[in-house]
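Novice: Below is a structure I'd like to ask you about.
The values are calculated or read from the model by the stated rules, or taken from the named source; none is laboratory data. Here the structure is a predicted model, which is why all the values come from computation and not from measurement. Using ideal geometry, Cβ is built from the backbone for each residue, glycine included, and neighbour counts are taken over all protein chains shown.
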Amino acid sequence: MASRAQENAVITAHQPEIAVPVPFGVRLRAHVAIMRLDHSIKNIFLLPGIVVALSLLHPNLSQLSQIRLEPIVIGVIAVTLIACSNYVLNELLDAPYDRLHPHKCNRPAALGLIEPGAAYLQWLAMMTVGMALASRIGLRFAVAAAALWIMGCIYNIRPLRTKDVAYLDVLTESLNNPLRMLLGWYMVTQVIVPPTSMLCAYWMLGCYFMGLKRFSEFREIGSRQGACDYRKSFKNYSERSLLGSVVFYASMAMMMFGIFVVRYRIELILAFPFIALLMAMYFDLSFKKNSAAQHPEKLYREPLLMTVALLTGVVMIVLLNVHLPMVGQIFAPTKW
């Protein structure tokens with residue numbers, strides 16, 4: 001009870017003071033802003049699901065012309081709407097805490113520019129339209145889309161609000177990664193199920209990126225008390241524990257990816273150096289002030305990182321579709 005009272009006191013002390021009514025145009029732009037459409041770049045995480053599914057279903061590249069683009073276009077729109085619905089909820093419920101952050105204090109809800117009732121209606125409306133579009137693609141796609149929205153609720157809404165629990169915040173938020181992979185997969189096929197090893201690798205890779213985001217945030221705020229006021233999970237974190245968890249996530253991601261490679265596509269073993277370089281560069285990025293690791297939607301401002309990411313993607317696509325018998329022979333089990 002004491003901690004809850006102390007938390008409420010901190011939040012109350014940072015309530016925004018709007019001296020004059022907010023003009024309609026300003027409020028309208030604020031409601032558009034909380035959809036965070038710039039975060040739509042995260043739809044790139046749908047691509048691996050699409051690429052791997054196409055590679056397994058259509059190993060002959062000449063057959064790719066048979067793929068229907070309509071479900072992919074509708075699917076991307078549906079995922080964008082559901083993700084935006086989650087962002088609206090996040091903006092609403094995080095406003096008191098965002099006011100304690102050196103940069104997020106400028107978000108529309110933190111500034112008091114949002115009409116809560118209209119925002120909640122916006123949240124539900126985007127989910128409804130998104131799910132209506134998702135249902136046109138297929139049952140499995142719709143279930144994965146619903147799971148993406150539900151995870152947003154679990155992450156943000158009390159009493160669960162997993163974003164307030166150390167380690168669980170990273171694990172639950174990063175579940176969006178395998179869910180996006182599933183969504184990409186089911187844009188192409190509703191028949192087969194993706195390999196579990198691939199989904200787990202994608203989940204742990206998401207945890208790696210999210211763990212570094214938390215580490216970068218923790219360092220940026222500087223004051224431990226300030227960090228704990230802004231994000232409750234920081235009460236049970238330290239720079240050392242965050243980096244330790246990042247090592248764990250990276251190790252799990254590579255182990256699961258290795259299992260997928262050995263079982264399904266041994267040629268992908270040649271992509272390991274590119275993936276390792278990309279992860280090392282991202283690790284280094286998290287130490288920079290106001291790092292793009294805190295704002296993944298701004299990663300395009302890191303040209304070297306983007307170049308390596310693009311090269312890694314191209315290498316993986318090629319290795320998924322080109323058979324190299326010599327690679328299998330080199331890594332074949334030793335016969336005694």
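Novice: Restrict the check to the range 313-335 and report whether at least one residue is touching a residue at least 60 places away in the same chain (Cβ under 8 Å), under 20 Å from residue 217 (Cα atoms), aromatic (Phe, Trp, Tyr) and in contact with a helix residue (DSSP H, G or I) (Cβ under 9 Å, 6 or more places away or on another chain).
Specialist: no
Novice: Moving on to the next point. Tally the residues that are among the acidic types (Asp, Glu) and within 16 Å of residue 290 (Cβ to Cβ), restricting the search to the range 98-119.
Specialist: Of all residues in the range 98-119, those among the acidic types (Asp, Glu) come to 98, 115.
Applying the additional criterion that residues be within 16 Å of residue 290 (Cβ to Cβ) yields 98.
So the answer is 1.
Novice: Of everything in the range 136-168, what is within 19 Å of residue 206 (Cα to Cα), aromatic (Phe, Trp, Tyr) and either in a helix (DSSP H, G or I) or under 13 Å from the mean Cα position of the chain (by Cα) (or both)? Give them in sequence order.
Specialist: Hits for the range 136-168 are 149, 155.
Novice: Is it fair to say residue 174 is in contact (Cβ under 8 Å) with a residue 24 or more places away in the chain, closer than 21 Å to residue 92 by Cα and among the hydroxyl-bearing types (Ser, Thr, Tyr)? Steps first, please.
Specialist: Numbers: in contact (Cβ under 8 Å) with a residue 24 or more places away in the chain: yes; closer than 21 Å to residue 92 by Cα: yes; among the hydroxyl-bearing types (Ser, Thr, Tyr): yes.
Judged against the criteria, residue 174 is a match.
Novice: Output the residues belonging to the range 195-239 that are among the aliphatic types (A, V, I, L, M) and either more than 21 Å from residue 181 (Cα to Cα) or crowded, with 22+ Cβ neighbours inside 10 Å (or both).
Specialist: Of the range 195-239, the ones among the aliphatic types (A, V, I, L, M) are 198-199, 201, 204-205, 210, 212, 221, 227.
198, 201, 204, 205, 210, 212, 221, 227, listed by residue number.
Novice: Additional query: When the range 182-218 is examined, which residues are found to be touching a residue at least 12 places away in the same chain (Cβ under 8 Å), polar (S, T, N, Q) and assigned to a helix (DSSP H, G or I)? Let's see the steps before the verdict.
Specialist: Our first condition is that a residue be touching a residue at least 12 places away in the same chain (Cβ under 8 Å); within the range 182-218, this holds for 182-190, 192, 194-195, 197-218.
Still in the list and also polar (S, T, N, Q): 189-190, 197, 216.
Answer for the range 182-218, where residues must be touching a residue at least 12 places away in the same chain (Cβ under 8 Å), polar (S, T, N, Q) and assigned to a helix (DSSP H, G or I): 197, 216.
Novice: Same structure, new question: Test residue 133 against the stated conditions and say whether it is touching a residue at least 24 places away in the same chain (Cβ under 8 Å), among the hydrophobic types (A, V, I, L, M, F, W, C) and outside the structural domain of residue 245 (by TED's automatic domain parsing). Quick ask: steps written out before the conclusion?
Specialist: Numbers: touching a residue at least 24 places away in the same chain (Cβ under 8 Å): yes; among the hydrophobic types (A, V, I, L, M, F, W, C): yes; outside the structural domain of residue 245 (by TED's automatic domain parsing): yes.
When the stated conditions are applied, residue 133 passes them.
Novice: If you don't mind, there's one more thing I want to ask. Which of the residues spanning the range 139-152 are of a type in the set (Gly, Ala, Ser) and without any contact (Cβ under 8 Å) to a residue 60 or more places away in the chain? Explain how you work it out, then say what you get.
Specialist: Keep residues of the range 139-152 that are of a type in the set (Gly, Ala, Ser), which gives 142, 144-147, 152.
Those that are of a type in the set (Gly, Ala, Ser) and without any contact (Cβ under 8 Å) to a residue 60 or more places away in the chain: 142, 144, 146, 147.
Novice: For residue 246, which of the numbered conditions (1) more than 30 Å from residue 221 (Cα to Cα); (2) modelled with pLDDT of 90 or more; (3) β-branched (Val, Ile, Thr) fails to hold?
Specialist: Every condition holds for residue 246 apart from (1).
Novice: Would you confirm whether any residue within the range 38-52 is at pLDDT 85 or above and out of contact with any helix residue (DSSP H, G or I) (no Cβ under 8 Å at 6 or more places or on another chain)?
Specialist: Taking every residue of the range 38-52 in turn, at least one turns out to be at pLDDT 85 or above and out of contact with any helix residue (DSSP H, G or I) (no Cβ under 8 Å at 6 or more places or on another chain).
Novice: Scan the range 169-187 and tell me whether some residue there is more than 17 Å from the chain's Cα centre (by Cα), closer than 23 Å to residue 73 by Cβ and surrounded by fewer than 21 Cβ atoms within 10 Å (Cβ to Cβ). Give the steps one after another, and end with the answer.
Specialist: If we filter the range 169-187 for residues that are more than 17 Å from the chain's Cα centre (by Cα), which is where we start, we get 186-187.
Still in the running and closer than 23 Å to residue 73 by Cβ: 186-187.
If we keep only those that are surrounded by fewer than 21 Cβ atoms within 10 Å (Cβ to Cβ) as well, we get none.
Looking through the range 169-187, none of the residues is more than 17 Å from the chain's Cα centre (by Cα), closer than 23 Å to residue 73 by Cβ and surrounded by fewer than 21 Cβ atoms within 10 Å (Cβ to Cβ).
Novice: Right, another one. Pick from the range 242-253 the residues that are surrounded by fewer than 19 Cβ atoms within 10 Å (Cβ to Cβ) and touching a residue at least 24 places away in the same chain (Cβ under 8 Å): which of them is nearest to residue 332 (Cα to Cα)? Can you show your working first?
Specialist: Keep residues of the range 242-253 that are surrounded by fewer than 19 Cβ atoms within 10 Å (Cβ to Cβ), which gives 243-244, 247-248, 251-252.
Checking which are touching a residue at least 24 places away in the same chain (Cβ under 8 Å) leaves us with 243, 252.
Details: 243: 35, 252: 23 Å.
Only one residue tops the list, namely 252.
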